[in-house]
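Undergrad: First, the structure itself, so that you have it in front of you.
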Amino acid sequence: MIKVLIVEDEMLVAEELALDLEENEFEVTAIAISSEECMDSISKNKPHVILMDINIKGQKDGIETAKIINENHRIPIIYLTANTDTATIQRAIETTPSAFISKPFNKKDVIIALELAFNSYNESLLKQKILLTEDNFFVKSGKYYTKIKLSEIDYLEANGSYTEIFTPTKHYTLSTNLNHFQESLNHPVFVRIHRSYIINIKKVEAFDNNTVVISGKTLPISKSYQKSVFSFFNKL
């Protein structure tokens, strides 16, 4: 799940934005109204992307705060701003943001910008390579490829810029995001059921309209994936 920090001093705007993001399966780590609150939040729960209003409370504005973040962290920043004057935009450009979104903003524009920023950033950090044979799954780890049998994998879970692989007996963490993993894997037995989950369809023990059960673990099915997921099951 993509973690987002909202830095916005208009609480009504921030709270409405947080609800919109959570409804679209993002995790909002916090709402900060100042540079100090922003940096404190990053230290406690580092986000994957930051939505940064340029005008925030305190002595440092959003652009100055972005400069501090760039010096100490590698987090993509998307500016939310009502300021479109040349001087402000030029200052902001110098911090190399992932995007600008003008206020009042459209919810879909924010979601698209977050997805693009997250995916672009993770592509630049991608270190691992994935190899697939007929029966085995190989993951590059250091000098060697570690073999995982496809038949042993229960499901995969997104964890920000990482992918967690779960088998009945072991748990692996890969330094690649779930979207890239899915593209590299491209195997029919693995089915996307949610923004945060890919399952081995052969491991499903039970299901209803909104969930599947694998190895006793209940996993959610998003509405957008229900039709494709249920097409794999023969219901009496």
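Just so you know, all these numbers are worked out from the coordinates, no wet-lab data involved. As the structure is a computational prediction, the values presented were derived from the model and not from experiment. Ideal geometry is used to build each Cβ from the backbone, glycine not excepted, and the neighbour counts take in all protein chains shown.
Undergrad: Using only the alpha-carbon atoms, how far is helix 11-23 inclined from the longest principal axis of the chain? Give it as 0 to 90 degrees, nearest 10.
TA: So the inclination is approximately 10 degrees.
Undergrad: Using DSSP to define loop residues, name the GluC sites (Glu not before Pro) in segment 143-222 whose beta-carbon has at most 13 other beta-carbon atoms within 10 Å.
TA: Within segment 143-222, the qualifying GluC sites (Glu not before Pro) (loop, at most 13 other Cβ atoms within 10 Å) are E205.
Undergrad: Between I112 and S228, what length in nm is gained on full extension when 0.36 nm per residue of separation is reduced by their alpha carbon distance?
TA: So the chain would gain 39.5 nm between I112 and S228.
Undergrad: Next question, about the same structure. If each residue of separation counts as 0.36 nm, what is the full-extension length gain between K147 and Y162 once their alpha-carbon separation is subtracted?
TA: Result for the pair: 3.6 nm of gain on full extension.
Undergrad: Using the Cβ atoms and a cut-off under 15 Å, what net charge is assigned to the surroundings of I111, where Lys and Arg are +1 and Asp and Glu are -1?
TA: Computed value for this residue: -4.
Undergrad: Further question: Along the charge dipole of the chain, Cβ charges K/R +1 and D/E -1, which of I77, S43, T211 sits furthest on the positive end?
TA: Most positive-ward Cα: T211.
Undergrad: Quick one: grab Rg to one decimal and Dmax as a whole number for the chain, Cα atoms only, in Å.
TA: Rg and Dmax of the chain, Cα atoms, are 20.2, 66 Å.
Undergrad: If I model a spin label at T96 and K46 as a point 7 Å from the Cα along the Cα→Cβ vector, what separation in nanometres do I get?
TA: 1.7 nm
Undergrad: Order these by the 10 Å Cβ neighbour count, fewest first: T173, T218.
TA: So the ranking, lowest neighbour count to highest, is T173, T218.
Undergrad: Using only helices, what value at 222 nm comes out for the chain when you add -39,500 (n - 2.57) per DSSP H run of length 4 or more and divide by the total residues, to the nearest 500 deg cm²/dmol?
TA: Taken over the chain, the calculation gives -10000 deg cm²/dmol.
Undergrad: Farthest toward the dipole's positive end in segment 3-125, which of T29, M52, A66, given Cβ charges of +1 (Lys, Arg) and -1 (Asp, Glu) about the Cα centre?
TA: A66
Undergrad: Angle check, please: helix 107-125 long axis (alpha carbons) against the longest principal axis of the chain (alpha carbons), in degrees 0 to 90, nearest 10.
TA: The angle comes out at about 70 degrees.
Undergrad: Right, something else. Could I have the simple spin-label model distance between A87 and E64, label points 7 Å from Cα toward Cβ, reported in nm to one decimal?
TA: In this crude label model, A87 to E64 measures out at 1.5 nm.
Undergrad: Local charge sum around E22 (other residues, Cβ-Cβ under 14 Å, Lys/Arg +1, Asp/Glu -1)?
TA: -3
Undergrad: Another question, if that's okay. Please report Rg over Rh for segment 3-125, where both radii come from the alpha carbon positions and Rh follows the Kirkwood definition.
TA: Here the Rg-to-Rh quotient is 0.92.
Undergrad: Taking amide H atoms as placed 1.01 Å from N in the peptide plane, list the residues 5 or more away in sequence, or in a different chain, whose amide H sits under 5 Å from that of T176.
TA: Here T163 satisfy the definition.
Undergrad: Next question, about the same structure. Would you mind calculating the relative contact order of the chain from Cα pairs under 8 angstrom and at least 6 residues apart, reporting the percent as a whole number?
TA: 12 percent
Undergrad: What is the distance in Å between the Cα centres of segment 52-99 and segment 1-45?
TA: Here the two parts' Cα centres lie 15 Å apart.
Undergrad: How would you rank F190, F118, going from fewest to most other Cβ atoms within 10 Å of each one's own Cβ?
TA: Arranged by neighbour count, lowest to highest, F190, F118 become F190, F118.
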